[in-house]
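Notes follow once the structure below has been shown.
The values are calculated or read from the model by the stated rules, or taken from the named source; none is laboratory data. Source: prediction; values computed, not measured. Heads up, the Cβs are rebuilt from the backbone with ideal geometry, glycines too, and the neighbour counts pull from every protein chain shown. Side chains included, ligands, DNA and RNA excluded: accessible areas come from the protein's heavy atoms. Shrake-Rupley method; radii C 1.70, N 1.55, O 1.52, S 1.80 Å.
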Amino acid sequence: EEQARAIQYFSEAVALLESRHVPAQLGEAFLGRAAAATNLNQIDDAMADYARARVALRQANDTLALLKIEANEGFLALQRGLPAQALPQLESASQGFEQWGALNEAIFTRIGEIEAQLLLLQVNDALDSVVVAERLAQRIENRTTLISLALTKSLALAAAGRWNQARSVLNELRESKPPLSATTDALVGKQLAAILLDEGKP
């Protein structure tokens, strides 16, 4: 319901802004509507709005916003089960974010890149991407981002057969303070169970 209301509000904003020469605000309205459509799994609508946002934000010469579009389109491709399409977009966006000093966005996009590489069975590349992301992570304090990176790192280590290291990453998460949320703790448990299956310990 909230996402549907967001689409309605963003559509009203688009209708108002399209008659004025304010490409930056119009692009942001398209971006917002695309994000809401993504959350409702309205993939075609989201893709169309990202394309519209790109046109407007190019007119506004907003490089950072254009990087956000590239990242969002990459995540959308990942959501649609198209890792080969997602990977170059996520790689490009993560490099751009890093150049702009948008480290939190750079790490999150790098996490998507790692997920795409694992789906494409590019395990060594995924481990290399983990190293890059961890280098950036030393410069931020956002716990949500750091937890997401740790979960993804454990997936890459497990994919490489480095089960003890993967388990160690997950156990460190469980021991961290403040305690993990119930949802995150469940994800940790799921990954620990998957490692046991990989080790042949059903």
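Points to keep in mind about this one:
- Here each label is just a point 7 Å from Cα along the line to Cβ, and for Q99 and A84 those points are 2.7 nm apart.
- Computed helical MRE - 222 nm, the chain, DSSP H runs ≥ 4 contributing -39500 (n - 2.57), nearest 500: -27000 deg cm²/dmol
- For region 1-125: accessible area per residue (Å², 1.4 Å): 52
- Rounded, prolate or oblate (a/c below 1.5 giving rounded, otherwise prolate when a/b exceeds b/c) for region 87-202 by Cα gyration tensor: oblate
- In this simple spin-label approximation, K201 and D185 carry label points 7 Å from Cα along the Cα→Cβ vector, and these lie 2.1 nm apart.
- A simple count of charges around D49, restricted to other residues whose Cβ falls under 14 Å of its Cβ and scoring Lys, Arg +1 and Asp, Glu -1, yields -1.
- Global form of region 1-96, assessed from the alpha-carbon gyration tensor, a/c cut-off 1.5: oblate
- The distance between label points at T144 and S92 comes to 2.7 nm (points 7 Å beyond Cα on the Cα→Cβ vector).
- When the chain is described by a simple charge dipole with +1 on each Lys and Arg Cβ and -1 on each Asp and Glu Cβ, the residue from N104, Q165, L67 located farthest towards its positive end is Q165.
- The chain: most fluctuating residue of Q117, Q99, Q191 per GNM, C-alpha cutoff 10 Å: Q99
- Of all accessible heavy-atom area on region 1-82, the percent that carbon and sulfur account for (1.4 Å): 49
- Computing FRET efficiency as 1/(1 + (r/R0)^6) for S19 and L40, where r is the C-beta to C-beta distance and R0 is 35 Å, gives about 0.85.
- Relative contact order (percent, whole number), region 1-134, Cα cutoff 8 Å, 6+ residue spacing: 15
- Given charges at Cβ of Lys, Arg, Asp, Glu: the chain dipole, positive-most of A116, Q8, T144: T144
- About its Cα centre, the dipole of the chain is roughly 300 debye, where the only charges are +1 on Lys and Arg Cβ and -1 on Asp and Glu Cβ.
- Working ranking of peptides 125-131, 17-23 by packing, defined as the average number of other Cβ atoms within 10 Å per residue, highest first, is 125-131, 17-23.
- Centroid-to-centroid separation of region 1-70 and region 161-202 [C-alpha atoms, Å]: 38
- Computing Cα extents along the principal axes in Å directly from the structure and comparing it against (1) 64, 32, 31; (2) 57, 50, 30; (3) 62, 36, 32 singles out (3).
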